[in-house]
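The values are calculated or read from the model by the stated rules, or taken from the named source; none is laboratory data. A quick note: this is a predicted structure, and the numbers were derived from the prediction, not measured. Quick reminder, even Gly has a Cβ in these numbers, built from the backbone with ideal geometry, and neighbours come from all protein chains shown. These area figures cover heavy atoms from the full protein model, side chains too; ligands, DNA and RNA do not enter into them. Shrake-Rupley method; radii C 1.70, N 1.55, O 1.52, S 1.80 Å.
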Amino acid sequence: MGAVLGLCSMASWIPCLCGSAPCLLCRCCPSGNNSTVTRLIYAFFLLFGVGIACIMLMPGMEGQLKKIPGFCEGGTGSSIPGVEGHVNCDVLVGYKAVYRVCFGMAMFYLLFSLLMIKVKSSQDPRAALHNGFWLFKFAAATAITIGSFFISEGPFTTVWFYIGMAGAFCFILIQLVLLIDFAHSWNESWVQKMEEGNSRCWYAALLSVTAVNYLLSLVSLIMFYIYYTHSDGCTKNKVFISINMLLCITASVLSILPQIQESQPRSGLLQSSLVTLYTMYLTWSAMTNEPERICNPSLLGIIGLNSTSPATQDHVVQWWDAQGIVGLILFLMCVLYSSIRNSSNASVNKLTLTSDESALIEDGPQADSFEEGSGHKRAVDNEKDGVTYSYSFFHFMLFLASLYIMMTLTNWYSPDVYYQAMTSKWPSVWVKISSSWICIALYVWTLVAPLVLVNRDFD
């Protein structure tokens, strides 16, 4: 009898796997909006793919990956034109595997981005595909990923490397938009609490967080000059650090000018401090990709444990480094925040094609938040009259996120001309450092736009 009941319980989940998003979480989560639950499931799809990509880089996986027919054939059997007899599969297989896994995820989200163009409400037949059929979608994503392992090498890796750089560049800008949105929401929340009571406590907290952000930025700046520059060289690093330092100072001063404060009461040093800290990270990330090893010491070399470049030591690639781990953490925060964000910032909502109705948990029970005839909690379909976010843009953002994580996990490396080792290249440096400049420019524009476009409503 127990076995029969167990089978019946499992069978009750089958409609959930094929139906709408809320059914997947109805037994373990409180009631919430359908729009948020769906985004969370897609985010967990992406995080699952990231976990698989990380496994591909684990020590010992090389032997397993080389068993895939035609995946990496070194020596005279190489499938890469012009490098017969040179390919080092021990170096290449982990790199190729991450590219294949991320290619599968990227194609899955790009396909849905195209399918969901101009979906206006949950009454659109395509909305059912977006919000349901999870088992089939998981199977499709898995099939695309497995199939990508059998794509012949040729120019695939090289072309996908440059596509990955472009996509990662765009995702870095999206990260900044979400960071500014988070800073505005944070600042607004604490200022509101200051006005409600105990103002000294909240003012001290706001000031402390701002001071810590600027202190971390200052320490980073000093460390950059000490370890990433030399008196007789590393001129590019000196220029990068100095330019970004001046740009961050300019943006911080602008944010507290009387004219800016009058038109943008919510702007302040908290937002500027977060943008400054993020810019310092992008600067550091760019310098860690410099091909000149004397200007790009590894973290282990800085702390005195290892002075050998991870990309050249006996052709053994150290995929996990400090800036990659920080980039992975930022990626996770960005994806999760984009799934549950409930912003009142109209400018950011327009940039992300989102309305301000996407709260994770509604205040109090809803009449239609329970499945009729049962006590199971169901999420509210809050998109019958109109979607609260652009389905197409959300999938496109996850497409860019797949490319960003692909570049982050592989440290923006690419094979050398003989496919013997992984090396850093200058295009990666320029993509990262230019993204830092554009990030500051975007932030400054959010400050001065109300003064320049006086006929526009920025409330």
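Karplus couplings for region 223-237 from phi (6.51 cos²θ - 1.76 cosθ + 1.60, θ = phi - 60°), rounded to Hz, Gly and Pro as x?
5, 4, 5, 6, 9, 10, 9, 9, 4, 10, x, 6, 4, 4, 4
For Val380, enumerate residues with amide H under 5 Å from its amide H, sequence gap 5+ or separate chain, H modeled in the peptide plane.
Distant-sequence amide H within range of Val380: Gly32, Asn33, Asn34.
Take Thr142, Thr276 and sort them by solvent-accessible surface of the protein heavy atoms, 1.4 Å probe, largest at the top.
Largest accessible area first, the residues go Thr142, Thr276.
Can you send over the solvent-accessible area of Met56, 1.4 Å probe, protein chains only, in Å² to the nearest 10?
Accessible surface of Met56 is approximately 30 Å².
Put His230, His395 in order of accessible area, largest first, 1.4 Å probe: what do you get?
Output order, biggest surface exposure first: His230, His395.
At a Förster radius of 30 Å, what calculated FRET efficiency corresponds to the Cβ-Cβ distance of Lys120 and Leu173, to the nearest 0.05?
Using R0 = 30 Å, I get an efficiency of 0.65.
Sorted by accessible area with a 1.4 angstrom probe, largest first, how do Lys425, Lys118 fall?
Accessible-area ranking of Lys425, Lys118, largest first: Lys118, Lys425.
Please find the FRET efficiency linking Trp437 to Leu216, where r is the Cβ-Cβ separation and R0 is fixed at 22 Å, and quote it to the nearest 0.05.
According to the calculation, E is roughly 0.60.
Tell me the accessible surface of Tyr203 in square angstrom (1.4 angstrom probe, heavy atoms of protein chains only), to the nearest ten.
Spelled out: Tyr203, probe radius 1.4 Å, area about 120 Å².
Amide H to amide H, which residues 5 or more places from Thr423 or on other chains are under 5 Å from it, using H placed in the peptide plane?
For Thr423, the qualifying residues are Ser414, Asp416.
Give me a comma-separated list of calculated 3J(HN,Hα) values for region 440-450, in order, Karplus coefficients 6.51, -1.76, 1.60 applied at θ = phi - 60°, integers in Hz, x for any Gly or Pro.
Result, ordered by residue: 5, 4, 4, 5, 4, 5, 4, 7, 9, 3, x Hz.
Provide, in order from the shortest bin, the percent of all Cα-Cα pairs of region 119-160 in each 5 Å bin, continuing until the bin that contains the maximum pair distance.
Percent of pairs per bin, in order: 5, 19, 15, 14, 13, 12, 11, 8, 2.
Would you work out if region 123-244 is rounded, prolate or oblate? Take a ≥ b ≥ c from the square roots of the eigenvalues of the alpha-carbon gyration tensor; rounded if a/c is under 1.5, else prolate when a/b is larger than b/c, oblate otherwise.
It comes out oblate by the Cα gyration axes.
Near the amide H of Tyr389, under 5 Å away, which other amide H atoms are found, from residues 5 or more places off or on another chain, if H is placed in the peptide plane?
Result for Tyr389 returns Ser355.
Quote the accessible area belonging to Ile117 in square angstrom, nearest 10, computed with a 1.4 Å probe and with ligands, DNA and RNA left uncounted.
Roughly 80 Å² of Ile117 is accessible to a 1.4 Å probe.
Can you give me the Cα centroid spacing of region 210-243 and region 271-291 in angstrom?
Spelled out, the Cα-based centre of one part sits 10 Å from the other.
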